[in-house]
Amino acid sequence: MGQIVVETRDLSKTYNGFTAVDGLNLHIEEGEIFGFLGPNGAGKTTTILMLLGLTEPSSGTAEVCGYNPTREPLKVKHIVGYLPEKVGFYEDLTARQNLRYTAELNNLPKSEAEKSIEDLLATVGLSQVADQEVNKFSRGMKQRLGIADIWVKEPKLAFLDEPTSGIDPEGVDDMLNIIGSMAKKGMTVIFCSHQLHLVQRLCTRIGILAKGHLVVEGPIDSLGKQSISGGKYRIEVEVAQANPDLLDSLKRDTRIREVQGSGNTLFITCDEDLRSQIAKEIIDSGSLLVGMKIEKYDLEAIYKTYFEED
């Protein structure tokens, strides 16, 4: 286990009798890209505001990089970056000037800041428009600038709320690569998005909120195995010929729960990852192993197990 960057204990927030976040226990480790998911109104934004020290919890506690956001909000703000869904800048300033202002607010040395700003503008693909006023930027360009605005202060933790919103498909790939680079340099990222395929591409672990409760947390494959396959492994095997000896041998193995066949493709359900043993049984039966893969779980399918559409 790495160093814990975010930890909450029974964190709750109530507004006028409505509980937005209810007993949240969450932990996020250094260097993770953590997918924070849930439908609108699930409590994601309220949680983020509490972690940023922008609203106080009704009960429970939170720690961000060892600081209490309620008692030490300025220390938290100094080491945390936040890109809201609707990012805002000084519209009459250029992209470069906006980044300079952020650097000045964070007391970054001018010479270091200028070099960093130049590099970041190139990283997010805005070098050619660096001296244009932001009021001329598209939403996607502002999202890119928002990433640079976070990165210029070199925070330990970044909250990204729908960071790919308004960006074309090619730009989305660029953005995911940029976010991946942030994590590789040691920054922890909390990634909020309704685009589940992007979350699956990027995130190491996820947590799903529903009505203020954390209903599930963990790696996508582990969650898929539990929620979709009942804790079992499902292995797809392609052989040159599915002969009767092979099928009988597999069915005699007490660790294998089910063997289904379709032509020369077998679908094997078992209690543990038996790929090496299955490969041996295929060879011993005189058949030829063409391919084998363990089932990968689709985040959308996992998500739907908790939020079935009416």
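Coordinate-derived values only; no laboratory data. Computed from a prediction, not measured in an experiment: that's the story for all the values here. Positions of Cβ are backbone-derived with ideal geometry, glycine not excepted, and every protein chain shown enters the neighbour counts.
Secondary-structure-derived ellipticity at 222 nm for the chain, considering helices only, amounts to -10500 deg cm²/dmol, per-run term -39500 (n - 2.57) for DSSP H runs with n ≥ 4. Please state the shape class of segment 1-105: rounded when a/c is under 1.5, otherwise prolate if a/b exceeds b/c and oblate if not, all from the C-alpha gyration tensor. Prolate is the answer for segment 1-105, as a/c is 1.5 or above and a/b outweighs b/c. Projecting the Cα atoms of 175, 129, 108 onto the dipole axis of segment 105-182, where Lys and Arg carry +1 and Asp and Glu carry -1 at the beta carbon, places 108 farthest toward the positive end. Classification of segment 80-200 by its C-alpha gyration tensor yields an oblate form. The axis ratio a/c (a ≥ b ≥ c) is 1.5 or more, and b/c is at least a/b.
About its Cα centre, the dipole of segment 158-247 is roughly 460 debye, where the only charges are +1 on Lys and Arg Cβ and -1 on Asp and Glu Cβ.
For segment 114-261, DSSP calls about 50 percent of its internal beta bridges antiparallel.
Within 10 Å, count the other beta carbons around each residue, average over each peptide in 210-217, 130-137, and list them highest first.
Values: 210-217: 17.8, 130-137: 14.9.
Top to bottom by mean Cβ count within 10 Å: 210-217, 130-137.
For segment 188-310, just say rounded, prolate or oblate: build the C-alpha gyration tensor, square-root its eigenvalues into a ≥ b ≥ c, call rounded for a/c under 1.5, and beyond that prolate if a/b exceeds b/c, oblate if not. Judged from the Cα gyration tensor, segment 188-310 comes out prolate (a/c at least 1.5, a/b above b/c). Using the alpha carbons alone, the radius of gyration of the chain stands to its Kirkwood radius in an Rg to Rh ratio of 1.09.
For the chain, the longest principal axis of the alpha carbon atoms and the long axis of helix 95-105 meet at an angle near 80°. In plain terms, the bigger the Kirkwood radius, the slower the diffusion; for segment 230-294, with that radius from Cα pairs, at 4 °C and 1.567 mPa s, Stokes-Einstein puts D at 113 µm²/s. Computed from Cα atoms, the angle from the helix 275-284 axis to the main principal axis of the chain rounds to 30 degrees.
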